[in-house]
Amino acid sequence: MDQQLLAKTFVELADNLVADFDLIDFLRLLTDRCVGMLDASAAGVLLADRDGKLRVMAASDERVRLLELFQLQNDEGPCLECFRTGVPVIVPDLGTATARWPRFAVAAQGSGFGAVQALPMRLRDEIVGALNLFRTATGPFDPAATPVAQALADVATISLLQQRTAQRSTVLNEQLQMALNSRVLIEQAKGKLAERQGIDMEQAFTALRGYARAHNRRLADVARALIDSSEPLTGLGS
């Protein structure tokens with residue numbers, strides 16, 4: 001494990017929520033670093049909206065995003081179970097989970113995954129979502145990596161919740177709702193860019209994210225500009 005990258009990640013995840021905080025980019029950082037540093041082939045984050053329903057907010061690749069959506073649509077899977085119970089769910093072999101999650105286990109294996117663990121994003125009694133880590137191979141997860149993954153989820157949760165006070169109890173809900181709205185824009189922009197440039201959806205997201213970071217702009221703003229062609233986005237095929 002890259003100790004310097006791990007330390008840097010903890011610092012980045014602990015950043016304060018500011019006015020222009022980009023929740024989607026923040027959560028994508030979490031999934032990317034889990035894949036880059038830990039015993040995981042892919043990762044996804046689901047957060048609860050203002051009504052308590054889980055939503056897919058970030059995924060390390062398109063395959064996982066679709067699988068997470070499948071999990072929600074069928075109301076079964078490790079992330080849902082983890083969110084509802086507040087405890088980690090670890091399955092070293094998805095082949096043994098067909099009775100537990102008949103549809104999800106088959107779909108996950110069909111997507112190339114052999115094992116999964118879901119870790120709660122919680123602070124004391126408040127659970128805001130769950131972090132899913134997938135691995136292509138079956139077998140136990142690295143016992144040293146799992147506590148680190150939980151620590152990353154915990155730090156991210158604290159960062160999400162730190163501005164919630166008795167006087168401002170709606171901060172997180174507002175952030176999540178804005179992120180949900182932004183997610184729709186970003187998905188539309190990904191599709192448009194992918195079709196225009198003949199690339200896949202993950203490459204399209206990488207291009208959008210890279211442009212936003214290079215120009216110090218929010219992902220949603222770049223996505224909106226691409227969709228409605230309201231301004232030239234030099235280098236992004238607009």
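The values are calculated or read from the model by the stated rules, or taken from the named source; none is laboratory data. Note that the structure is a prediction, hence the values are computed from the model and not measured. Neighbour counts are summed over all protein chains in view; Cβ atoms, including those assigned to glycine, are modelled from backbone coordinates with ideal geometry. When the accessible area is computed, the model is the full protein with side chains, heavy atoms only, and any ligands, DNA or RNA have been set aside. Shrake-Rupley method; radii C 1.70, N 1.55, O 1.52, S 1.80 Å.
Proximity of backbone amide H atoms, modeled 1.01 Å from N, is registered between LEU38 and no other residue at under 5 Å, excluding neighbours fewer than 5 places apart on the same chain.
Do you know the relative contact order of segment 42-118, to the nearest whole percent, from alpha carbon pairs under 8 angstrom that are 6+ apart? Mind dumping the intermediate values first?
Details: 104 pairs, mean separation 18.8, N = 77.
Relative contact order of segment 42-118: 24 percent.
Each 10 Å bin, from zero up to the one with the longest distance, holds this percent of the alpha carbon pairs of segment 173-228: 27, 54, 18, 1.
Say R0 is 25 Å: what FRET efficiency, to the nearest 0.05, do GLN109 and THR85 get from their beta-carbon distance? If you can, show how the numbers build up before the last one.
On the way: r = 23 Å, r/R0 = 0.93.
That pair, GLN109 with THR85, gives E of 0.60.
Using Cβ point charges alone (K and R +1, D and E -1), the dipole size of the chain about the Cα centre works out to roughly 220 debye.
Give the carbon-plus-sulfur fraction of the accessible surface of segment 3-169 in %, rounded to a whole number; probe 1.4 Å, heavy atoms of protein chains only.
That share works out to 53 percent.
Can you tell me which lysines have their Cα less than 30 Å from the Cα of LYS53? Leave out same-chain residues fewer than eight positions away. The reachable lysines, counting only those whose Cα sits under 30 Å from LYS53, are LYS190, LYS192. Scanning the chain for long hydrophobic helices, with DSSP H runs required to stretch 18 angstrom or more by C-alpha along their axis and to average at least 1.0 on the Kyte-Doolittle scale, returns 145-161.
Here the relative contact order of segment 173-228, from alpha carbon pairs under 8 Å that lie six or more residues apart, stands at 41 percent. Just want the answer: with Cβ charges of +1 for Lys and Arg and -1 for Asp and Glu, which residue in GLN4, LEU233, VAL64 is farthest toward the dipole's positive end in the chain? With unit charges placed on the Cβ atoms, the residue in question is LEU233. For the chain, pairs of C-alpha atoms spaced more than 29 angstrom apart make up 28 percent of the total. If you take all other residues with their beta carbon under 12 Å from the beta carbon of PRO147, and give Lys and Arg +1 and Asp and Glu -1, the sum is -3. Spatially, segment 72-99 and segment 28-48 are offset by 17 Å when compared through their Cα centroids.
Would you mind working out the accessible area per residue for the chain, using a 1.4 Å probe, and quoting it in Å²? Kindly include the intermediate steps, with their values, before the conclusion.
On the way: 10750 Å² over 238 residues.
I get 45 Å² per residue for this part.
Share of carbon and sulfur in the accessible area of segment 173-228 stands at 50%, probe radius 1.4 Å.
Contact order for the chain, expressed relative to its length and based on alpha carbon pairs under 8 Å spaced 6+ residues apart, stands at 19 percent.
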